[in-house]
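Novice: Below you'll find the structure I mean.
All of the numbers you see were taken from the coordinates with simple rules; none came from a lab. Since we're looking at a predicted model, the values are computed, not measured. Cβ coordinates were reconstructed from backbone atoms using ideal geometry, including for glycine residues, and neighbour counts include every protein chain displayed.
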């Protein structure tokens, strides 16, 4: 049976998650990309808590511009929570396009990863 694109992405994401782990000092910046929006969360995996989140729902403009703004938004919320360093979890997506734009926006906002 042939794998679908979503099944392949899930396999890649599980492989990434074996190596990437978020802590209270350095949470995981997790990205989810749908056809309509892009979402990200800062997650403390040891406690199982989401520390901050941001999404492009309700934003106007092009997809890349929205992703950059979401990256800046999550960086602001991370600073408010006292977080400087994160580990980036691309969620099984290629580091390209909207995912890369989100990461660049978060770096512009002051997050280090």
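Novice: Given the structure, is residue 67 under 16 Å from residue 99 (Cα atoms), in contact (Cβ under 8 Å) with a residue 24 or more places away in the chain and surrounded by 14 or more Cβ atoms within 10 Å (Cβ to Cβ)?
Specialist: So residue 67 fits the description; yes.
Novice: Oh, and also: Let me confirm something: among 107, 77, which residue is under 11 Å from residue 40 (Cβ atoms) and assigned to a helix (DSSP H, G or I)?
Specialist: 77
Novice: Taking region 23-50, which residues are farther than 11 Å from residue 67 by Cα and in a loop (DSSP other than H, G, I, E, B)?
Specialist: 23, 24, 25, 26, 27, 34, 35, 36, 45, 46, 47, 48
Novice: Take residue 91 and decide whether it is assigned to a loop (DSSP other than H, G, I, E, B) and touching a strand residue (DSSP E or B) at 6+ places or on another chain (Cβ under 6 Å).
Specialist: Judged against the criteria, residue 91 is a match.
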